[in-house]
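The values are calculated or read from the model by the stated rules, or taken from the named source; none is laboratory data. These numbers were taken from a predicted model, which means no experiment stands behind them. Because the Cβ atoms are built from the backbone with ideal geometry, glycine has one as well, and the counts that use them run over all protein chains shown.
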Amino acid sequence: MQRDEQIFDLILEEQDRQIHGLELIASENFVSDQVLEAAGSVLTNKYAEGYPGKRYYGGCEVVDVIEQIAIDRAKELFGAEYVNVQPHSGSQANTAAFAAILKPGDKILGFDLSHGGHLTHGSPVNFSGKLYNPVFYGVEKETGRLNYDKIQEIAEREKPQVIIAGASAYSRDMDFKRFREIADSVGALLLADIAHPAGLIAKGLMNDPIPHCHIVTTTTHKTLRGPRGGMIMMGKDFENPFGIKTPKGEIRMMSSLLDGAVFPGNQGGPLEHIIAAKAVAFGEALTDEFFRYAMQVQKNAKAMAEAFVKRGYDIISGGTDNHMMLIDLRNKNLSGKEAENALVKAEITVNKNMVPFDDKSPFVTSGIRVGTAAITTRGLLEADMETIVALIDRVIVDHTNEDVLEQVADEVNDMMSERPIFVF
Ligand code: PLP
């Protein structure tokens, strides 16, 4: 068969973009060669509906071992008793987790999307807001932080079946213990979605949700630095609270409901090549080297936030505990969309993002979200953060000046072109 030059040329073009630019999208990272190799392996050819040892297809002996290794490594990494590595994405992990514990019309209490939450936590444009009855908590206008007393009040008033603790654009740690007290006080289940800080949580650098939350979902491709994908975990299995019984009349455990919700509930065949890549990434994340990487991600984010504050930028909540920050650009007189577009021309990739109490639409926004997971993988350190912020500042201040954008792009290329993709 003829090689598909059209597609492979485009892949090379994308590789070039990734090498030459500054990747500051908080949800992205660069995987190691071995993660990439597993993701691009012959395992993509294999159908394996079911779970290790209980498949609906023959020839699953090898993928059974691989999937079990992925599960065991994830259990060790997070201290979990139950892990399902099959969700194709973070959204599908949440879809399945909700399906296991909610009925259509049930009430969910999640972090408001416009304050930093995720689409799958009840947004009206998403399945979670269409199928369930969503109510929200948000951050305080003055502090940019969660106020747990207010969350308690909302929970008491709304009596949700499930509370979701997790976000896509919140730079502060979460108090999962307090969230559990709130959930217990209203008889709700607590689900943590740690998609963003998973890598930092795995290494003990942020609060651990596993001892406090009934269910924990995550993506595997952000700070955890694995292939694109999702995962569901539980610190301890428990009897499902709805008394659902097996055909033999026994009470079903949550693990069995979650497994059933992933397959056959929401997915067919698992992506065994991606599961192998997850196993490789979990193996990497178990090392001390990854601990040093995760610490550097956090140090870089702090250094970057300080550099922004020094230059008069309004960071929501004033700083960061994790790998990211949300910047309100209203005092700089440009929208998130204008900033994103100008920065892309300067080969600096960020995403526009709503800020809490935003007066602009999600397509325009007043802010940008910036993260350090990917640039840390490329070996950048605290001292480089000041340089990056200075480059971003030049673009923001002069965002319509094409000469400035070109000049910054040249400087970004000089800084990044000779650097391997995977240093740390
Ligand atoms: N949950 C949170 C908190 C996220 O930030 C994201 C992605 O950004 C997801 C879930 C969904 O992940 P995916 O894009 O893999 O569906």
Being buried (at least 19 other Cβ atoms within 10 Å of the Cβ), farther than 21 Å from residue 72 by Cβ, within 14 Å of the ligand (Cβ to nearest atom) and not polar (S, T, N, Q) narrows it down to one residue among 167, 198, 183; which is it? 167
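Yes or no, residue by residue, for (1) without any contact (Cβ under 8 Å) to a residue 12 or more places away in the chain; (2) farther than 29 Å from residue 378 by Cα:
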site	(1), (2)
199	no, no
207	no, no
211	no, yes
215	no, yes
220	no, no
226	no, no
234	no, yes
237	no, yes
245	yes, yes
Name the pairs whose Cβ atoms lie under 7 Å apart, with the first residue in the stretch 1-20 and within 27 Å of residue 375 (Cβ to Cβ), the second part of a helix (DSSP H, G or I), and 6 or more positions between them or separate chains? 19/416; 20/413; 20/416
Give me the pairs: first residue in the stretch 386-397 and of a type in the set (D, E, K, R), second residue in a helix (DSSP H, G or I) and modelled with pLDDT of 95 or more, beta-carbon distance under 7 Å, and six or more apart or on different chains, which are they? 386/307; 394/404; 394/408
Among the candidates 146, 119, residue that is within 16 Å of the ligand (Cβ to nearest atom) and surrounded by fewer than 23 Cβ atoms within 10 Å (Cβ to Cβ): 119
Which residues, taken from the stretch 245-255, are in a strand (DSSP E or B) and either within 14 Å of residue 81 (Cβ to Cβ) or within 16 Å of the ligand (Cβ to nearest atom) (or both)? 253
Quick one: in the stretch 232-244, which of the residues that are in a loop (DSSP other than H, G, I, E, B) and crowded, with 18+ Cβ neighbours inside 10 Å is farthest from the ligand (Cβ to nearest atom)? 240
When you scan the stretch 317-324, do you find a residue that is assigned to a strand (DSSP E or B) and within 26 Å of residue 194 (Cα to Cα), even just one? yes
Within the stretch 122-143, of all residues that are out of contact with any Ser or Thr (no Cβ under 7 Å at 6 or more places or on another chain) and among the β-branched types (Val, Ile, Thr), the one surrounded by the fewest Cβ atoms within 10 Å (Cβ to Cβ) is 125
Just to check your reading of the model, which residue among 93, 99 is out of contact with any strand residue (DSSP E or B) (no Cβ under 8 Å at 6 or more places or on another chain) and crowded, with 19+ Cβ neighbours inside 10 Å? 99
Here's a check for you: in the stretch 90-116, which residue that is over 25 Å from residue 268 (Cβ atoms), aliphatic (A, V, I, L, M) and within 14 Å of the ligand (Cβ to nearest atom) is modelled with the highest pLDDT? 108
Would you tally the residues in the stretch 19-62 being out of contact with any Lys or Arg (no Cβ under 9 Å at 6 or more places or on another chain), of a type in the set (Gly, Ala, Ser) and under 19 Å from residue 221 (Cβ atoms)? 3
Going through the stretch 186-195 one residue at a time, which ones are without any contact (Cβ under 8 Å) to a residue 60 or more places away in the chain and crowded, with 21+ Cβ neighbours inside 10 Å? 190, 192, 194
Which count do you get for residues in the stretch 204-231 that are under 18 Å from residue 371 (Cα atoms) and either near the ligand (Cβ under 10 Å from one of its atoms) or among the charged types (D, E, K, R) (or both)? 7
Scope the stretch 360-379; condition touching a residue at least 60 places away in the same chain (Cβ under 8 Å) and either of a type in the set (S, T, N, Q) or surrounded by fewer than 24 Cβ atoms within 10 Å (Cβ to Cβ) (or both); matching residues: 362, 372, 376, 377, 378
Tell me yes or no: at least one residue of the stretch 354-369 is closer than 28 Å to residue 224 by Cα and assigned to a helix (DSSP H, G or I). no
